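To start, the structure under review is shown below, and the notes come after it.
The values are calculated or read from the model by the stated rules, or taken from the named source; none is laboratory data. What you see is a predicted model, and the numbers here were worked out from it, not measured in a lab. Note that each Cβ is placed from the backbone with ideal geometry, even for glycine, and that neighbours are counted across all protein chains shown. To get the accessible areas, we keep the full protein, side chains included, count just its heavy atoms, and leave off ligands, DNA and RNA. Shrake-Rupley method; radii C 1.70, N 1.55, O 1.52, S 1.80 Å.
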Amino acid sequence: MQYRQLGNSGQMIPAMMLGTATFGGSTEFFKRWGQTNLQEAKELIKTCMDYGCNAFDTADCYSLGDSEKILGEALKDYKREDVFISTKTGQPLSENPNDIGTSRAKILKSVDESLKRLKSDYIDLYYLHCYDAKTPHLEALQTLNDLVRVGKIRYFGISNYSAWHLMKMLKIADEYKLQRPVAQQVYYSLAARDIENELMPLALEEKIGTFVWSPLSGAMLTGKITRNVKNIESSRLNAGGAWDMDMEHLYNITDVLEIITKESGYSFAQISLAWVLSRPSISGLIIGAKNTTQLKDNLKASSITLDTKHIQMLDRASQTKLPYPYWLQRSSVEARDPYPVARY
């Protein structure tokens, strides 16, 4: 397992970590993703550790805390310093208007509850799970800074922010001499390249580590769906949401994946994951798995280096028209800089 730097920090983390949204499955929404019980979780975690993947991602909203509980119980067999845990807060946990968002009161309450469920004295990386328009950036930053100072969290980041919201947060952190976020968690895959327009260039410029959730677009890029195969029995595929997409665009990508699979011997998933790992600013991928066979197959992607020809084929097949003003910027200065948008 290769290790990468966590943003501009000195922390090194594995290029792949296990996402635990399937742990528990005790709410109607997450039941569609999976219902991994404690014993199954232990088996997945042991597989990860055997492969050198000692990082695990969860959130307080995953099955309303049950994911954190199962993860904390499953990690009891390991020394705390030997594992890296990230969790998140901000999504609604009840109908209480103060049980959503990233206010100071909410963050402080959520951290203590997550620590209790995780059976840990600290959280390695703590995310604000979603942008909260009602809470000032300064309030959230001062709270997170206090938590770093007292040792309840080591680092913090944001998830699902727009680039200008993240840039504003960085500016305020610098202005008030507060800790900066070191990471962002984003949706990115061959089938969803939106972050390349702003979030990726920002991450490169400001040295923000990028962790990718759903790098396989909810199983869309595993071979279960191709131009000639329409296997949509997967619960995550049926869940819709982020994975609703232009199917013709998806088929253009899977057509190329079929060719590369035959030429390389790698699976659809391995190729798709290796492509994301090759992109700029990527610190790691958050991968889910329902069984150890699937997990082992995906973890092997961290050691794959795709042929340049295959990368170019995937780039062309997955490229979509740039939104304004990026198509104009590219056409205006491409003679001087062939990649004026993301600068890579």
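In a GNM of the chain with a 10 Å cut-off on Cα contacts, which of V256, V182, V229 has the highest mean-square fluctuation? Residue with maximal mean-square fluctuation among V256, V182, V229: V229. Magnitude of the charge dipole for the chain, about its Cα centre and with charges confined to Cβ atoms of Lys, Arg (+1) and Asp, Glu (-1), is about 300 debye. Residues in the stretch 11-100 average 42 Å² of solvent-accessible surface per residue, probe 1.4 Å, ligands and nucleic acids excluded. Among the trypsin sites (Lys or Arg not before Pro) found in the stretch 275-331, those both in a DSSP coil and sparsely packed, with 16 or fewer other Cβ atoms within 10 Å of their Cβ, are K321. Which of the three applies to the stretch 244-286, rounded, prolate or oblate, going by the alpha-carbon gyration tensor with a ≥ b ≥ c and a/c under 1.5 meaning rounded? Verdict is oblate for the stretch 244-286.
Centre-to-centre, using Cα atoms only, the stretch 191-226 and the stretch 309-331 are separated by 14 Å.
Would you mind working out the magnitude of the charge dipole of the stretch 27-91 relative to its Cα centre, with +1 at each Lys and Arg C-beta and -1 at each Asp and Glu C-beta, to the nearest 20 Debye?
The dipole magnitude comes to about 60 debye.
Note on the stretch 143-298: Rg/Rh from Cα positions, Kirkwood definition for Rh, rounded to two decimals, is 1.04. Qualifying trypsin sites (Lys or Arg not before Pro) in the stretch 45-101, where qualification requires a DSSP coil assignment and no more than 15 other C-beta atoms within 10 Å, comprise K79. Among S217, S264, S103, the residue with the largest mean-square fluctuation in a Gaussian network model of the chain, with springs joining Cα atoms closer than 10 Å, is S264. The lysines within cross-link reach of K230, meaning a Cα-to-Cα straight distance under 22 Å and a gap of 8 or more places when in the same chain, are K262, K290. Computed log10 I(q)/I(0) for the stretch 123-200 at 0.13, 0.14, 0.19, 0.21 Å⁻¹: -0.40, -0.46, -0.80, -0.94, from the Debye equation with unit scatterers placed on every C-alpha and solvent omitted. Rounded to whole Å, the principal axis extents of the Cα atoms in the stretch 283-337 read 49, 24, 21, largest first.
Counting only protein heavy atoms and a probe of 1.4 Å, the accessible surface of the chain is 50% carbon and sulfur.
Pairs exceeding 23 Å between alpha-carbon atoms, taken from K31/K88; K106/K168; K106/K152; K109/K152; K76/K152; K42/K224: K42/K224.
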